[in-house]
Amino acid sequence: MGGAFGLVALLWLVVFPSTYALHVAPTSPVFGIIDLPATSGLTTAPRLLTSVALLAAPETRRTVQTQLEKTCQTSAGKIEFGFQPDFRALEIILENERAARPPTKVLPSAAMLQLSNTPHGYLLVRAEPGKNLLTTLAPRRWLGTSLREIISQASAATVVLGESDDHQQAILSLALEFATGDQAEAALNLITSKQGDFDALGFVAQPGAHTLTRQSKAVVIRVALAREVITEAVRTR
């Protein structure tokens, strides 16, 4: 797999879309939205809509997956979700329920820009800090050792799923935010130094990525996933 860095970071310096208010529990360590209308006509989305269940505790993962499946089959519009601190349960809020609840969290404008800049983006997951993504995902070998390391150091992580225009591949965009430009550039150096190392999962940086990474204090990775990779990755074992 290969990665692309800096493309989204460059846009972050130019324009910011609106933030997005969420209504999940304020203590949720991982939260986000699923845009169901955006999945219309997509071929990889049906397998990935319930991929959020991968973040659930192993003993409740199947339950959370079933919960997501039923919700996606019977609902329309945007769905908000947030995990309980122990990752054993997932809170889901439907679009028509938002008005009756006070806002508790905010998806920042940079995260919403990442969603809009991902082709056919429909799912956004955010962790504050980034290490919250690793609570249950860390044992997964496909995550790679170097990627796990920089995720654990990030002040926040945003994952967006979309699909290629030819509908043959899923697109995964990962943005890792850091406190300083130096930290972000060090993270970029780490994962680009591991090219060819399957276990570490190294990536290739685009020209100019180091400057953009330092300026934006963020590392942005974009990966295209083939169907067979998706099948393996979303198994809720």
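All of the numbers you see were taken from the coordinates with simple rules; none came from a lab. What you are looking at is a predicted structure, and each value in this text was computed from that prediction instead of being measured. Here the Cβ is made from the backbone with ideal geometry for all residues, glycine too, and neighbour counts use every protein chain on show.
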request  = State, to one decimal in nm, how far the label point of SER40 lies from the label point of SER193, with both points 7 Å from Cα in the Cβ direction.
outcome  = 4.9
query = Between ALA21 and THR66, what is the label-to-label distance in nm when each label sits 7 Å out along the Cα-to-Cβ direction?
reply = 3.5
query = What per residue convex hull volume, in Å³, do the alpha-carbon atoms of the range 34-92 yield?
reply = 68
query = Taking every pair of alpha-carbon atoms in the range 66-191, what share in percent sits in each 5 Å bin, from 0 to the bin with the longest distance?
reply = 2, 9, 16, 19, 23, 17, 8, 5, 1, 0
